[in-house]
Amino acid sequence: MNSYVVIMAGGSGERFWPLSRMQKPKQLLHLTSPDASMIEEAISRIEPLIPLERILIITSEVLRQPIIDALPHLPPENVIAEPAKRNTAPCLALACSVIEHREQGDALMAVLTADHFIGNAASFRRDITTALQFAETAEALVVMGIPPTRPETGYGYIHVAGSLSEDEVSTVDAFKEKPNFETAREYVLSGRYLWNSGMFFWRTHVLRDVMIDVLPEVGLRIADMTRCIER
């Protein structure tokens, strides 16, 4: 089964103003490397694992051409503009429909970010491989958690059922929204919480089925979008 990477890169960078602008948000800035923008780094991290022809970037109409210009080695048809900003779920539904059209069926899908600093790329790729393998065999929705290093009120948390150990795949008990400082401190001290990385892994048909169940107004449109692409 083929694996695809979907990089969400539609943010307009309001929180990083004044360095970022609407037409040049943080994913297009050289913030963590003098030689590459954050989105270039995101591509170079994953390219040893997934070929360029199966790396998709979902962005806005305003940013589509700047991203194409920044990534000359990526097929331009792999930079896909949303017709309107509708937050995460419709963005992933669009990506799912594109992948299922190209594969004419099921595929593995890794949802990654365009604006994270990741120091150890080799370890990151190993974790992605583990997550994709689990998503394929267990037909589960998989989220990547980050061990917290401090009480952080700016991130969401994942409450994990059972103990945590390195390289372990655990069951998610609950997702927690951004807490206040005291709650965040309790989360960290408990050893049962991870930061929510916003990176996800699944088979496309699993995502579609779950969306139809819990968000039918979006999930039921995936097949419609696939048919529109075919035209």
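The values are calculated or read from the model by the stated rules, or taken from the named source; none is laboratory data. Bear in mind the structure is a predicted one, so any value in this text is a computation, not a measurement. When we count neighbours, we look across all protein chains shown, and the Cβ atoms used for this are built from the backbone with ideal geometry, even at glycine.
Consider Leu207 against the criteria (1) within 28 Å of Arg64 (Cα to Cα); (2) surrounded by fewer than 18 Cβ atoms within 10 Å (Cβ to Cβ); (3) touching a Leu at 6+ places or on another chain (Cβ under 8 Å); (4) not acidic (Asp, Glu): it satisfies all of them except one. Which criterion is unmet?
The failed condition is (2).
Would you check if there is a residue in region 158-177 being under 28 Å from Ala9 (Cα atoms), crowded, with 17+ Cβ neighbours inside 10 Å, in contact with a helix residue (DSSP H, G or I) (Cβ under 8 Å, 6 or more places away or on another chain) and at pLDDT 90 or above?
no
Just a yes or no: is a residue in region 217-231 surrounded by fewer than 15 Cβ atoms within 10 Å (Cβ to Cβ), among the basic types (Lys, Arg) and assigned to a loop (DSSP other than H, G, I, E, B)?
Within region 217-231 (the criterion being surrounded by fewer than 15 Cβ atoms within 10 Å (Cβ to Cβ), among the basic types (Lys, Arg) and assigned to a loop (DSSP other than H, G, I, E, B)), the answer is yes, since at least one residue qualifies.
Given the options Pro83, Pro66, name the one that is modelled with pLDDT under 95, closer than 24 Å to Asp35 by Cβ and not in a strand (DSSP E or B). Spell out the reasoning first.
Details: Pro83 fails: closer than 24 Å to Asp35 by Cβ.
It is Pro66.
Which is assigned to a loop (DSSP other than H, G, I, E, B), under 20 Å from the mean Cα position of the chain (by Cα), farther than 22 Å from Thr32 by Cβ and touching a residue at least 24 places away in the same chain (Cβ under 8 Å), of Val169, Val143? Step through it out loud before you land on a result.
Working: Val143 fails: assigned to a loop (DSSP other than H, G, I, E, B).
Going through Val169, Val143 in turn, the sole match is Val169.
Identify all residues within region 69-80 that are part of a loop (DSSP other than H, G, I, E, B) and either of a type in the set (Gly, Ala, Ser) or surrounded by 18 or more Cβ atoms within 10 Å (Cβ to Cβ) (or both); write none if there are none. Break it down stepwise before answering.
Narrowing region 69-80 to residues part of a loop (DSSP other than H, G, I, E, B): 71-75.
Leu71, Leu74 - these are the residues of region 69-80 that are part of a loop (DSSP other than H, G, I, E, B) and either of a type in the set (Gly, Ala, Ser) or surrounded by 18 or more Cβ atoms within 10 Å (Cβ to Cβ) (or both).
Being in contact (Cβ under 8 Å) with a residue 60 or more places away in the chain, out of contact with any Asp or Glu (no Cβ under 7 Å at 6 or more places or on another chain), of a type in the set (A, V, I, L, M, F, W, C) and more than 17 Å from Leu207 (Cα to Cα) narrows it down to one of Ile80, Ile46, Ile68, so name that one. Let's see the steps before the verdict.
Working: Ile80 fails: in contact (Cβ under 8 Å) with a residue 60 or more places away in the chain; Ile68 fails: in contact (Cβ under 8 Å) with a residue 60 or more places away in the chain.
Result of the check over Ile80, Ile46, Ile68: Ile46.
Being in a loop (DSSP other than H, G, I, E, B) and closer than 22 Å to Leu132 by Cα, is that true of even one residue in region 32-44?
Restricting attention to region 32-44, the residues satisfying the condition of being in a loop (DSSP other than H, G, I, E, B) are 32-37.
Going one step further and asking which of them are closer than 22 Å to Leu132 by Cα, we end up with none.
Among the residues of region 32-44, not one is in a loop (DSSP other than H, G, I, E, B) and closer than 22 Å to Leu132 by Cα, which makes the answer no.
Based on what the data block shows, is Val188 closer than 20 Å to Asp127 by Cβ and surrounded by 15 or more Cβ atoms within 10 Å (Cβ to Cβ)? Talk me through it step by step, then tell me what you get.
Working: closer than 20 Å to Asp127 by Cβ: no; surrounded by 15 or more Cβ atoms within 10 Å (Cβ to Cβ): yes.
Taking the combined requirement at face value, the residue does not satisfy it.
Output the residues belonging to region 134-148 that are on the phi < 0 side of the Ramachandran plot and either in contact with a strand residue (DSSP E or B) (Cβ under 9 Å, 6 or more places away or on another chain) or at pLDDT 95 or above (or both). Walk me through it before giving the result.
Narrowing region 134-148 to residues on the phi < 0 side of the Ramachandran plot: 134-138, 140-148.
The answer is Phe134, Ala135, Glu136, Ala140, Leu141, Val142, Val143, Met144, Gly145, Ile146, Pro147, Pro148.
Which residues, counting only those in region 129-140, are free of Cβ contacts under 8 Å to residues at least 40 places away in the same chain and either in contact with an Asp or Glu (Cβ under 9 Å, 6 or more places away or on another chain) or of a type outside the set (A, V, I, L, M) (or both)? Before the answer, list the steps.
Pass one, region 129-140, residues free of Cβ contacts under 8 Å to residues at least 40 places away in the same chain: 130, 133, 137-138.
Thr130, Gln133, Thr137, listed by residue number.
Any idea which residue in region 179-222 is modelled with the lowest pLDDT, counting only those that are out of contact with any strand residue (DSSP E or B) (no Cβ under 8 Å at 6 or more places or on another chain), of a type in the set (Lys, Arg) and farther than 22 Å from Glu136 by Cα?
Arg221
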